[in-house]
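Notes to accompany the following structure.
The values are calculated or read from the model by the stated rules, or taken from the named source; none is laboratory data. Predicted, not measured: the structure shown is a model, and the values here were computed from it. Heads up, the Cβs are rebuilt from the backbone with ideal geometry, glycines too, and the neighbour counts pull from every protein chain shown. We work out accessible area using only protein heavy atoms, side chains counted, and drop any ligands, DNA or RNA first. Shrake-Rupley method; radii C 1.70, N 1.55, O 1.52, S 1.80 Å.
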Amino acid sequence: ETGVTQTPRHLVMGMTNKKSLKCEQHLGHNAMYWYKQSAKKPLELMFVYNFKEQTENNSVPSRFSPECPNSSHLFLHLHTLQPEDSALYLCATTPSGLYQETQYFGPGTRLLVL
Amino acid sequence: GIQVEQSPPDLILQEGANSTLRCNFSDSVNNLQWFHQNPWGQLINLFYIPSGTKQNGRLSATTVATERYSLLYISSSQTTDSGVYFCAAGYNQGGKLIFGQGTELSVKP
């Protein structure tokens with residue numbers, strides 16, 4: 001148990017669906033991250049939020065839309081996805097995105113786009 | 001940007017054996033972390049080690065920043081050590097980390 005939870009754990013969606021992934025942290029941290037892990041590839045950073053402000057968008061397509069309403073919650077809204085978006089989506093947190101700190105990961109959401 | 005390479009890509013061990021995993025990085029870093037990903041996808045931070053040596057039970061890690069590499073040692077391996085080990089590095093970009101491709105470890109009973 002890392003103090004970071006993600007829901008749902010598994011998601012199957014069609015290309016025309018709209019769905020959202022949720023991440024919640026109970027560590028009192030102020031920075032939250034979305035990563036994508038495709039099969040046989042390294043983790044790719046997608047977005048960074050620091051004190052609820054987005055500080056990094058790693059050239060992610062607009063069909064992925066993040067939202068950070070407060071320091072404890074992070075969402076990833078999905079719409080009109082492609083089959084190549086099928087992957088494990090991981091949320092992580094650090095005390096602050098300003099310094100070099102240990103990252104704590106959630107268990108991930110395994111997404112399949114049909 | 002920083003590039004991170006890990007070796008070997010795959011490793012099969014008999015239970016009780018020792019192993020060394022290597023991580024090379026292309027530029028100066030002040031953030032170097034090792035993670036273990038279990039078969040269900042959960043990533044657990046093992047070490048935050050931008051330099052020096054740390055030990056935690058049967059695991060230890062050494063980073064030689066001037067020579068741009070880090071090593072993860074696993075002693076007396078157990079089947080529960082199976083999974084993928086990732087090295088990730090960063091430099092003065094807050095929490096931004098670049099991950100290596102990982103070493104997939106399988107420990108046989």
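Summed over both chains, the area buried between A and B is near 1800 Å², taken from the accessible surface of protein heavy atoms with a 1.4 Å probe. Protein heavy-atom surface of the protein assembly as shown, 1.4 angstrom probe: 50% of the accessible area is carbon and sulfur, with nucleic acids and ligands not counted.
If you take all other residues with their beta carbon under 13 Å from the beta carbon of B:GLN42, and give Lys and Arg +1 and Asp and Glu -1, the sum is +1.
Phi-derived couplings, Karplus 6.51 cos²θ - 1.76 cosθ + 1.60 at θ = phi - 60°, listed residue by residue for region B:51-57: 6, x, 10, 9, 10, 9, x Hz, with x used for Gly and Pro. Averaged over the residues of peptide B:44-50, the number of Cβ atoms from other protein chains lying within 10 Å of each residue's Cβ is 2. Calculation over all alpha carbon pairs of region B:26-109 in 10 angstrom steps from 0 returns a P(r) of 17, 50, 27, 5, 0 percent. A crude spin-label estimate for the pair A:ALA39 and B:THR80, with each label 7 Å from Cα along the Cβ direction, gives 3.0 nm. Applying the Karplus relation 6.51 cos²θ - 1.76 cosθ + 1.60 with θ = phi - 60° to region A:71-88 yields 3J(HN,Hα) values of 5, 9, 10, 9, 10, 10, 8, 10, 8, 6, 6, 10, x, 6, 7, 4, 5, 9 Hz, where x marks Gly and Pro.
Based on Cα contacts under 8 Å between residues 6+ apart, region A:1-75 shows a relative contact order of 28 percent. In region A:12-114, the ratio of gyration radius to Kirkwood radius, Rg to Rh, stands at 0.96 when only Cα atoms are counted. Using a cutoff of 8 angstrom between alpha carbon atoms and counting only pairs six or more residues apart, the relative contact order for chain B works out to 38 percent.
Each label was represented as a point 7 Å from its Cα along the Cα-to-Cβ direction; for B:TYR69 and A:THR16 these points are 5.5 nm apart. Shown here: the protein assembly as shown, whose C-alpha atoms stretch 49, 37, 30 Å along the first, second and third principal axes, sorted largest to smallest.
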